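Chemist: This is the structure I have questions about; it appears just below.
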């Protein structure tokens, strides 16, 4: 029984760490979006304000629901953050790199 409790505590701690990493990535992404020119997002057909709100909202929702133990909220936030870092950010960097 003690082994199960220990395993449960380890898994819960791992989930908290993952959630906090996602929050950090969301905040860093939102800051990067805020500091990027608006026309770069126009070229890739994405809304700058939409991404600021999506990333900031993801970070806020995860932070609010961590103590409640709501498991699916951080997964939604992770998807939003993943789409930004794997799709939007490289496209913006490519546009800005070609703007010279």
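Derivation of every value follows stated rules applied to the coordinates shown; laboratory data play no part. Note that the structure is a prediction, hence the values are computed from the model and not measured. Here the Cβ is made from the backbone with ideal geometry for all residues, glycine too, and neighbour counts use every protein chain on show.
Chemist: Among 57, 29, 47, 77, which is surrounded by 14 or more Cβ atoms within 10 Å (Cβ to Cβ), free of Cβ contacts under 8 Å to residues at least 40 places away in the same chain and on the phi < 0 side of the Ramachandran plot?
Modeler: 57
Chemist: Continuing with this model, one more query. Does residue 64 fit the bill of being farther than 17 Å from residue 87 by Cα and free of Cβ contacts under 8 Å to residues at least 12 places away in the same chain?
Modeler: The answer is yes for residue 64.
Chemist: Further question on the same structure: Go over the candidates 67, 90 one by one and state the one that is surrounded by fewer than 17 Cβ atoms within 10 Å (Cβ to Cβ) and part of a helix (DSSP H, G or I).
Modeler: 90
Chemist: Could you pull out the residue among 11, 4, 55 that is in a helix (DSSP H, G or I) and under 19 Å from residue 90 (Cα atoms)?
Modeler: 55 is the lone residue from the list that is in a helix (DSSP H, G or I) and under 19 Å from residue 90 (Cα atoms).
Chemist: Does residue 34 satisfy the criteria of being closer than 23 Å to residue 91 by Cβ, part of a helix (DSSP H, G or I) and over 15 Å from the mean Cα position of the chain (by Cα)?
Modeler: No.
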